[in-house]
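*Asks:* Sharing a structure below in structure tokens format, with a few things to ask.
We did not get these values from a lab; they are worked out from the coordinates using the rules stated. What you see is a predicted model; the values in this text were computed from it and never measured. Cβ placement follows ideal geometry from the backbone for every residue including glycine, while neighbour counts extend to all protein chains displayed.
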């Protein structure tokens, strides 16, 4: 059960919200147990094996957090054991075939949902307990931190103390109409991003990677741009919905996206894209390695290590590893050439950054490094600039045609049909580059904002045809 499904929007979340506030009014801790149970139901809805793994992982990690607290003389040993176990399990699941079970030529094992997010959350908790940055909370508090459903599947990765304490404030246990309105607004925009934008771009991307041999240079450019916007609107849409859902419950989650495609350098990009992952890797990997405190060369090595970890966190395919290494090298270049870059115009550095991001997203999506390299070669040669008709037709949505029919004549619509891909790309650019992001305007109560949110909700609901998974849900 995911956020962009009818059962979640019209059944699970309304029932949960009403039940949560009613139970919390009677007993605060009972309301918190209600959150935990609902979160586990949501997580195990499609796969009970994932739920069994989650339960085992939580109990194991919490046990070691207790041992770290009860036996401080051996705290470092227990920390190393528990963190290593979490990391090794992550590695084991990430490596293809590690858990391969063959029976009658059938490979039968599974990848737990949100494995990477849960692993990093648990490591953050263990390290904070060891450093005494937080007290070792009780089991209920720990379960709330790990399983809280708005951030369970795809983050943001939160600091334990920042999240846990919010569940025990009585003033947060009463419905707040301002928070509900702001939360619904964020949910509406997030749903629109996912269903109308990300899922449409995804169809074009999937078609391109299913038919790589017939792609023209123009097709590859379009597919590359489509994936750039697909992954943005997919993850940004989820983050908006997660923060919106949480706002309705009076729980604050941190911003995870800050208009990353406005970046004028790769360094700037990683301050804006998946902010919680960047913060985690900085705090728990980069700084413990020495950060920038041990000389320039060591700093560059530390940056490469961080981005290797980031690449592997996304997957064990060599495409992810190379993607991480190349981002690391660009980060090193940004630091090395900082003074030189300051002399360049913002427009020029933005263009260079956006092109770099696009090329690396194509690598991120490719099935192999060879496929990525081949597609780049075809694109650079520019031998054909014609778009495939099958690719163009993907962008002709019934919802968009209904809207255009209201304002344009039929003969003009036949011409606009050929321009649908361009219209989508231009619209995506405008949304990413012109307005403030949804998080920054979450408290907007203008009439125009309300109308836009209502339209986004209507189009989002109309566009839901079955469940479509979020990209980062599989990491």
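*Asks:* Take the alpha carbon atoms of the stretch 333-379, find their center, do the same for the stretch 113-144, and report the distance between the two centers in whole angstrom.
*Replies:* Each part's Cα centre sits 36 Å from the other's.
*Asks:* Something else: Highest first, please rank the peptides 77-83, 169-175 by the mean number of other Cβ atoms sitting within 10 Å of their residues. Can you show the working numbers first?
*Replies:* Working: 77-83: 17.9, 169-175: 12.3.
Per-residue mean Cβ counts within 10 Å order the peptides as 77-83, 169-175.
*Asks:* Right, something else. Hey, could you pull the Cα Rg and Dmax for the stretch 6-174, both in Å?
*Replies:* Taking only Cα atoms of the stretch 6-174, I get Rg and Dmax of 17.5, 58 Å.
*Asks:* I've got another one for you. When a footprinting reagent is the concern and you count Cβ atoms within 10 Å, what order do 441, 278 take, fewest first? Walk me through the numbers on the way to the answer.
*Replies:* Working: 441 16, 278 19.
By the 10 Å Cβ count, ascending: 441, 278.
*Asks:* Provide 352, 226 in ascending order of the number of other Cβ atoms located within 10 Å of each residue's Cβ, fewest first. All intermediate terms of the calculation are to be shown ahead of the outcome.
*Replies:* Details: 352 15, 226 29.
So the ranking, lowest neighbour count to highest, is 352, 226.
*Asks:* How high is the relative contact order of the stretch 6-174, given as a whole-number percent (alpha carbon pairs under 8 Å, six or more residues apart)?
*Replies:* Numbers: 149 pairs, mean separation 48.7, N = 169.
Reported as a whole number, the value is 29 percent.
*Asks:* Please report, in whole Å, how far the alpha carbons of the stretch 196-303 spread along each principal axis, starting with the longest.
*Replies:* 51, 45, 23
*Asks:* Quick check: pseudo-label points 7 Å beyond the Cα along Cα→Cβ at residue 91 and residue 344, how many nm apart are they?
*Replies:* Going from the residue 91 label point to the residue 344 one covers 3.7 nm.
*Asks:* Would you mind calculating the gained length between residue 318 and residue 69 on full extension (0.36 nm times residue separation, minus the Cα-Cα distance), in nm to one decimal? Can you show the working numbers first?
*Replies:* Values: separation 249, 0.36 × 249 = 89.64 nm, distance 3.95 nm.
So the chain would gain 85.7 nm between residue 318 and residue 69.
*Asks:* Could you tell me whether the stretch 291-381 comes out rounded, prolate or oblate from its Cα gyration tensor? Rule is a ≥ b ≥ c as square roots of the eigenvalues, rounded for a/c under 1.5, then prolate if a/b exceeds b/c, otherwise oblate. Don't skip to the end; give the middle numbers.
*Replies:* Working: a/c = 2.87, a/b = 1.20, b/c = 2.39.
It is oblate, given that a/c is not under 1.5 and a/b is not larger than b/c.
*Asks:* Can you give me the Cα centroid spacing of the stretch 187-214 and the stretch 218-256 in angstrom?
*Replies:* Comparing the Cα centres of the stretch 187-214 and the stretch 218-256, I get a distance of 12 Å.
*Asks:* Okay, moving on. At a Förster radius of 60 Å, what calculated FRET efficiency corresponds to the Cβ-Cβ distance of residue 447 and residue 292, to the nearest 0.05?
*Replies:* Working: r = 49 Å, r/R0 = 0.81.
That pair, residue 447 with residue 292, gives E of 0.80.
*Asks:* In whole Å and largest first, what semi-axes does the C-alpha gyration tensor of the chain yield when each eigenvalue is scaled by 5 and square-rooted? Walk me through the intermediate numbers first.
*Replies:* Details: eigenvalues 265, 177, 100 Å².
Working through the eigenvalues yields semi-axes of 36, 30, 22 Å.
*Asks:* Please tell me the relative contact order of the chain in percent, rounded to the nearest whole number, where contacts are Cα pairs under 8 Å and at least six residues apart. Numbers along the way, then the final one.
*Replies:* Numbers: 577 pairs, mean separation 95.2, N = 475.
Once divided by the residue count of the chain, the mean separation gives 20 percent.
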